[in-house]
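The values are calculated or read from the model by the stated rules, or taken from the named source; none is laboratory data. Quick caveat: nothing in here was measured; it's all calculated off a predicted structure. Positions of Cβ are backbone-derived with ideal geometry, glycine not excepted, and every protein chain shown enters the neighbour counts. All accessible areas refer to the heavy atoms of the entire protein, side chains included, with ligands and DNA or RNA removed. Shrake-Rupley method; radii C 1.70, N 1.55, O 1.52, S 1.80 Å.
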Amino acid sequence: MPITADAFLEALHLPSEHPYIRPQDNVHEAKQEWSIFCYFNSVAWTKDVQTPSSLKPIGSNECGDFTTHFWTKWPLIHCDAIEDVRHRNVPSSAADFFQIEPCLVSMFQMNMLLWAPLVLVFCLKRLYHVQKYDPNEFPSSRQLEPDCSAESLPEQKKSSMKKTSYFVAISSLPSYMPSLRKATMAHDKQRRQTSEPYHQNNNSFERLLLLLSLFSNAISVMASFSAMFSQERKREGKTLDGNESQDMTNYSFRKHRCARSDSNDTMRQGPFLFTTDWLAYVVALVFTAVLMNDAMYVLEYQQHNLIAFHLFFIYQSLKRFGSKVALATAIPISAIAFCIMAYQDLDLPAIEPGLYYDETNAFISETVQEWPVDKRTYDDGRGTPWMITGDTRTGLPFMVNNVPEQKFVRKWVPLPEENEAIILDIAFPDSKVIDDDKRVYLILHGINGDSNEGYVVDFVRRQVSLGNIVAVMVTRGLGDSPILGENILHFARISDVSAVARALKKAINEVSHGDGLLLAGVGYSMGAITLANYVAQVNPPDIDVAIAFSGSLDTTQQENFQRSASLWQPFVAKAMRDTLLGRYSRQIRQKLDQNQLKEVMKAKSLVDFDRALFVPYNDFESLDDYYSRMGAMADFDTNGYEGRISNVSIPLLCVQSLDDPLSYWKTYHDPKKVSKSGNGNTVLLFTRRGGHVGWPLGWNPSTYGWSWMSDTASSFVESVDRVRRSQSPLL
């Protein structure tokens, strides 16, 4: 019997407004009563505030726009703290600069790995089609005198001299930097004395000067190399056009006259262009050395192929520069690269891609037989070919995929014991009628997300177009969800998922009169971790089937994933810090002391952030204690004890890519043993490629969005539903 959307909403018995907030209440008023901690140049300041009047919001005239200095854009900034920090000098070194902005290091590494193929193509093009440089064809930049007349030079010479003059000008920048910095500091001092409004971020400008100084010094080093490689030699008696000699007395150099070329011998590159080619060679060596030691590239292309690519650039440079320059440049870079290769552990996945399940479980075996192979296959070439590593398959889909807006009906699931409520956003088919052979999906989004995440909306739109109901649970404290009490979010909590699943199951049973619409849970990233943990701890759960994308089962292993901690986790940690300290500073200040808050501010990875905030705030004994309660398999013992993963009583499908840069492959231990744990209800699907919540398709991935995940989840749920109905005729 068909079900209407109104009947389903009525059966939920859930309010449309937060049950514990009166309309006249301002739930964010509490943050007006507290000062904010700011971390600047490795020092944290705390400003105690006696009255709320001593605080001013961002954008007030007194605070100006100085708040852009801070690690996070806080909701409020104590203006006295700003004055204390504003007059501090710019960091004295690049290391100090990167301590202020830890994400800059990760951003640099990320961009280096992302753009490496294009950079290497450019370097290869630069080195492959050029002739060997002859230093006798053009004098070095130090030979140029100011009285050299450019008007009488041939056009060919003018172009080369112009490039050389640019090179000399850039390489002389360091000599101007101290005076430029003094002028800037003098202007800042004058501004403070005259009380001039602070409209520009002077410290940011000084940082820019610092980086410019570093860049110009690097250019100077390049100039020195150019002068070292170019040798001065006088050439006389040559003609410019092959017909007759021309008087070159109008051109004077420090030691030699202007060089002239034969008519049959085209002019070769001068020092500037030679240095550019040499720099392309150095960049190519550095980039290939990095790729040789990067786990994602080694996993994708094999280390011996990357080594051959590195040696190819050395071979090509031998023809370009000669053995002396080529080998003098290559030996130190290659030596460092091979030493790193010898001593580091790339920690490549030891799991073979494929489907792991217990063939002795009749229900699971029949479900796998019903599940179309095409819906669970990714490594057959259907992926996006120009997304070449797990990093690009993770980040670029969020940049290129454009998902239309989805409308939801918002309900609130009360938690009476805590006076809190959980947001439940529900989407129905356009017809508002749901057939009894359709399904209800419960979606758990990733960390720091909500119901508007692209992959969530993609799944919702595809399923409602098929006539299904989709409900998205927003993690407490995220999105538009407030926290009234002291229990802020942490990811070892499963009571919120349990309450939402119970409410949905109760409504399904009421409207279907026991005929049973299937309730399926789908989790992504952190939502996948929470969903699997809920299924493992609650027996039986209120959902009938669960699918977890890019999650982790044994989360205690996650802190050992060093590449994720240095490359991706700083961005996630920053986003969490922005959200939690920005919105719930009152609760956090009541439970953490000043030293603990400093550790929160200094956390550079998600693991550090969990250790600094969630562990002490929620009274966990340690980080291992927190992670052991978070993962469905965190108490798994390889010696025989299976832990709570053996309690899974419904089909649980875990989908994981082996090139996932965020979720550690070791969290699954031995897939064969895990799939046979308990009654064998856990199914593991590993793909060789896909990234983290990615799996892009086709040359134009925006055409397909996140359809692979959506089709994989829905096809597995449909297979489970068909087997369930075939074994229970009453359904």
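Net charge of the neighbourhood of L306, taken over other residues with C-beta under 11 Å away and scored Lys/Arg +1, Asp/Glu -1, is -2. Once the chain from N452 to M107 is taken as fully extended at 0.36 nm per residue, the excess over their C-alpha distance is 121.7 nm. Here the ratio of the Cα radius of gyration of the range 389-516 to 2.2 N^0.38 Å is 1.15.
Solvent exposure of the range 573-687 amounts to 34 Å² per residue of accessible area, where only protein heavy atoms count and the probe is 1.4 Å. Once the gyration tensor of the Cα atoms in the range 356-457 is diagonalised, the equivalent ellipsoid follows with semi-axes of 30, 25, 17 Å, ordered largest first.
The E10 and K375 beta-carbon pair, evaluated with R₀ = 25 Å, returns a calculated FRET efficiency of approximately 0.10.
When you filter the chymotrypsin sites (Phe, Trp or Tyr not before Pro) in the range 670-730 for DSSP loop state and at most 15 other Cβ atoms inside 10 Å of their Cβ, you are left with W699. The chymotrypsin sites (Phe, Trp or Tyr not before Pro) found in the range 611-658 that occupy coil by DSSP, while having at most 16 further C-beta atoms within 10 Å, are Y641.
Each part gets one Cα centre, and for the range 286-333 versus the range 480-510 those centres are 54 Å apart. Subtracting the Cα-Cα distance of K432 and E510 from 0.36 nm times their residue separation leaves 26.3 nm of extension gain. How charged is the neighbourhood of A295? Take every other residue with its Cβ under 15 Å from the Cβ of A295, and add Lys/Arg as +1 and Asp/Glu as -1. Cβ neighbours under 15 Å give a net charge of -2.
Heavy-atom accessible area, probed at 1.4 angstrom with all protein chains present, ranks K438, K411, K319, K666 as K319, K666, K438, K411, highest first. The value of relative contact order for the range 492-611, using C-alpha pairs under 8 Å at least six residues apart, is 20 percent. Each other residue within a Cβ distance under 15 Å of S646 adds +1 if Lys or Arg and -1 if Asp or Glu, for a net charge of -2.
Distance from the C-alpha centroid of the range 351-386 to that of the range 387-402: 23 Å, rounded to the whole angstrom. Loop-resident GluC sites (Glu not before Pro) (DSSP state other than H, G, I, E or B) in the range 551-655 with no more than 12 further Cβ atoms inside 10 Å of their Cβ: E621. Solvent-accessible surface of the range 304-451, averaged per residue with a 1.4 angstrom probe and all protein chains in place: 49 square angstrom.
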